[in-house]
Amino acid sequence: MTDTLQTVSPLRQRMIDDMRMRHLAPKTQAGYLRIVREFTRFLGRPPDTATVEDLRRYQLHLVDHGTSPVSLNAAITGLKFFFEITLHEPERMARMQPVRVPRTLPVVLSPNEVGRLIAATGNLKHQTALSVAYGAGLRASEVVALKVGDVDGQRMTLRIEQGKGRKDRYAMLSPVLLERLRVWWRVAHAQGRMLEGGWLFPGLDPVDPLSTRQLNRAIHAAAVAADINKRVSMHTLRHYLPFRTMSCSPAILLFFRAS
């Protein structure tokens, strides 16, 4: 936080402890601390001295500076935790109101575009990782967290540990996707890039997993190389999954032949 808040270290530590007690994800904790830090900078004094009117002014400040509805609501959520949980003074948030987030249609790729996208991916590891994201409907964070032991060829499933909402679940595998994973496993083992029982998609150091940043860079580069003029991200691959509960459909067969 800012120097102002650093002088009130017990307050900051209390907020950290409150978040830890509730098992908030590290990313969420960092986000909440950043939100309180930015509010403190606006306020010019310790955040626990803020009034209802100060918080109202801050929301107007964010709106006037073009803060998106999503970011605005995130700021309100972080401040709400600080005032309601850490300070036990929920009444201070009375004038801060979340805003409605406009609903937009997602970018959807055709099977042909997905095939071109993966075919244009730079290497086999990234190709296989994108295939898993598309074929099993996984988020980028779930793909990079996969380990070799999570692939169950007998049950035709992928075990997803602590996915969104910190929940474990299983994702379906098609026979074609399983064979693609086996090809990657054989190549990675032959090159000494995969540890026994280690990450399914290791990073440069096999001890570490591939990062979500590297995976996002790979898909952005592939979209350019494939001349796909859409805003493509890892999440885009989750928007076309007609075969998620099927063993293998004509659409996915066409996709894998193309890739």
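Values in this text are rule-based calculations from the coordinates and carry no lab data. Since this is a predicted model, take the numbers as computed values, not measurements. Because the Cβ atoms are built from the backbone with ideal geometry, glycine has one as well, and the counts that use them run over all protein chains shown.
Selection among G31, P47, H65 by position relative to the dipole of region 3-93 gives G31 as farthest towards the positive end (Cβ unit charges, Cα centre). Evaluated with a Cβ-only charge set (Lys, Arg +1; Asp, Glu -1), region 1-114 carries a dipole of roughly 80 debye about its Cα centre, given to the nearest 20. Kindly express, to the nearest 10 degrees and within the range 0 to 90, the angle between helix 175-190's C-alpha long axis and the longest C-alpha principal axis of the chain. The answer is roughly 90 degrees. Taken about its Cα centre, region 51-159 carries a charge dipole of roughly 280 debye when the Cβ of each Lys and Arg holds +1 and the Cβ of each Asp and Glu holds -1. Divide by every residue of the chain the summed helix terms, -39500 (n - 2.57) for each DSSP H run of at least 4, and state the resulting mean residue ellipticity at 222 nm, rounded to the nearest 500 deg cm²/dmol. Mean residue ellipticity at 222 nm (helix-derived): -15000 deg cm²/dmol. With a cut-off of 12 Å between beta carbons, the residues surrounding D54 carry a summed charge of +3, where Lys and Arg count +1 and Asp and Glu -1.
A Förster radius of 51 Å, combined with the Cβ-Cβ distance separating Y170 from R34, puts the computed FRET efficiency at roughly 0.90.
If R0 equals 45 Å, the separation of the Cβ atoms of D64 and L195 corresponds to a calculated FRET efficiency of about 0.30.
Take the Cα of E53, go 7 Å toward its beta carbon, and the backbone nitrogen atoms of region 75-111 under 20 Å from that spot belong to 90-97.
In straight-distance terms, cross-link reach from K167 covers every one of the lysines whose alpha-carbon lies under 28 Å from its own, apart from those fewer than eight places away in the same chain; here that gives K27, K80, K125, K147.
When +1 charges are put on Lys and Arg Cβ atoms and -1 charges on Asp and Glu Cβ atoms, the dipole computed for the chain relative to its Cα centre reaches about 460 debye. Set Lys and Arg Cβ to +1 and Asp and Glu Cβ to -1, take the dipole of the chain about its Cα centre, and tell me which of N216, H88, Y134 lies farthest positive. Positive-end residue among those listed: Y134.
For the pair M21 and E84, label points projected 7 Å from Cα toward Cβ lie 1.6 nm apart. Of the trypsin sites (Lys or Arg not before Pro) found in region 6-77, the ones in coil according to DSSP and having at most 16 other Cβ atoms within 10 Å of their Cβ are R22. For the Cα atoms of the chain, what angle does the longest principal axis make with the long axis of helix 52-64, in degrees from 0 to 90, nearest 10? Here the helix axis deviates by roughly 50 degrees.
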